[in-house]
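Visitor: Submitted below is the structure of interest, expressed as structure tokens.
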């Protein structure tokens, strides 16, 4: 999907620069190197503690790093800008959430087996949030209607708190504003919740909801 968008929108002479952007943009490179460094730590020294750190790196990657990008397209799609791309990102988002749910089950079990430091987990989350906010503000900032540097911080810290709670830990960011997403108006549009009520023209759109309506009866007889 990303490749299709790049090759559709970006002129051929600029595509290499896009694919190599992580090599030339310091903020993006540091964001990538943080997670890669946690994996490399286990490669270089495959201890049980470093294995647990690698699991946490997976959780951070799947649970924090992609979602500001999804919000960008949902925000455009809610105003009927690039609606087809937004529909595809709903599918990608659901795929990532399936990975998140896997780690939400896996990590609490790993906590019972592998040595770990709770302080280190919080430090990893805080660092990941810092990199994600810095990157999003660097590439989007206040330049898109409906997204601001403040909403990016609130949303990223809200996600971090939610992910921490899901593995049985207390939230890292205690301000009550981080208990709520600033993009709740996009949740129904993204259709990643259980409601499955995304609206579309029935005759011109493909149904993408994974959730069957509970209000329709008679299917058992059929």
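The values are calculated or read from the model by the stated rules, or taken from the named source; none is laboratory data. Everything quoted here is computed from the prediction, not taken from an experiment. So basically every Cβ, Gly included, is an ideal-geometry build from the backbone, and we count neighbours across all protein chains shown.
Visitor: Taking region 125-143, which residues are under 22 Å from residue 177 (Cα atoms) and over 16 Å from the mean Cα position of the chain (by Cα)?
Guide: Once the filter is applied, which keeps residues that are under 22 Å from residue 177 (Cα atoms) and over 16 Å from the mean Cα position of the chain (by Cα), region 125-143 yields 141, 142.
Visitor: Answer yes or no as to whether residue 206 is surrounded by 15 or more Cβ atoms within 10 Å (Cβ to Cβ), at pLDDT below 90 and part of a loop (DSSP other than H, G, I, E, B).
Guide: no
Here's the yes/no breakdown for (1) closer than 27 Å to residue 33 by Cβ; (2) outside any helix (DSSP H, G or I); (3) modelled with pLDDT of 95 or more; (4) touching a helix residue (DSSP H, G or I) at 6+ places or on another chain (Cβ under 8 Å):
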residue: 98; (1), (2), (3), (4): yes, no, no, no
residue: 127; (1), (2), (3), (4): yes, no, yes, yes
residue: 134; (1), (2), (3), (4): yes, no, yes, yes
residue: 138; (1), (2), (3), (4): yes, no, yes, yes
residue: 165; (1), (2), (3), (4): no, no, yes, no
residue: 168; (1), (2), (3), (4): no, yes, yes, yes
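Visitor: Further question on the same structure: Kindly provide the set of residues from region 38-75 that are over 13 Å from the mean Cα position of the chain (by Cα) and in contact (Cβ under 8 Å) with a residue 24 or more places away in the chain, ordered by number.
Guide: Residues of region 38-75 over 13 Å from the mean Cα position of the chain (by Cα): 38-57, 75.
If the condition is that a residue be over 13 Å from the mean Cα position of the chain (by Cα) and in contact (Cβ under 8 Å) with a residue 24 or more places away in the chain, then 38, 48, 49, 51, 52, 53, 55, 56, 57, 75 are the ones that fit.
Visitor: Go over the candidates 84, 37 one by one and state the one that is loosely packed, with under 14 Cβ neighbours inside 10 Å and closer than 20 Å to residue 122 by Cβ.
Guide: Answer to the selection: 37.
Visitor: Suppose we keep only residues that are over 19 Å from residue 71 (Cβ atoms) and loosely packed, with under 10 Cβ neighbours inside 10 Å within region 175-198. Which one would you say is modelled with the lowest pLDDT?
Guide: Across region 175-198, the extreme among qualifying residues is 194.
Visitor: Criterion first (modelled with pLDDT of 95 or more, part of a helix (DSSP H, G or I) and surrounded by 13 or more Cβ atoms within 10 Å (Cβ to Cβ)) does residue 123 satisfy it?
Guide: The answer is no for residue 123.
Visitor: Answer yes or no: is there a residue in region 143-150 that is within 30 Å of residue 8 (Cα to Cα), free of Cβ contacts under 8 Å to residues at least 12 places away in the same chain and surrounded by 15 or more Cβ atoms within 10 Å (Cβ to Cβ).
Guide: yes
Visitor: Something else: Just to be sure, is residue 104 without any contact (Cβ under 8 Å) to a residue 60 or more places away in the chain and either surrounded by 14 or more Cβ atoms within 10 Å (Cβ to Cβ) or part of a helix (DSSP H, G or I) (or both)?
Guide: no
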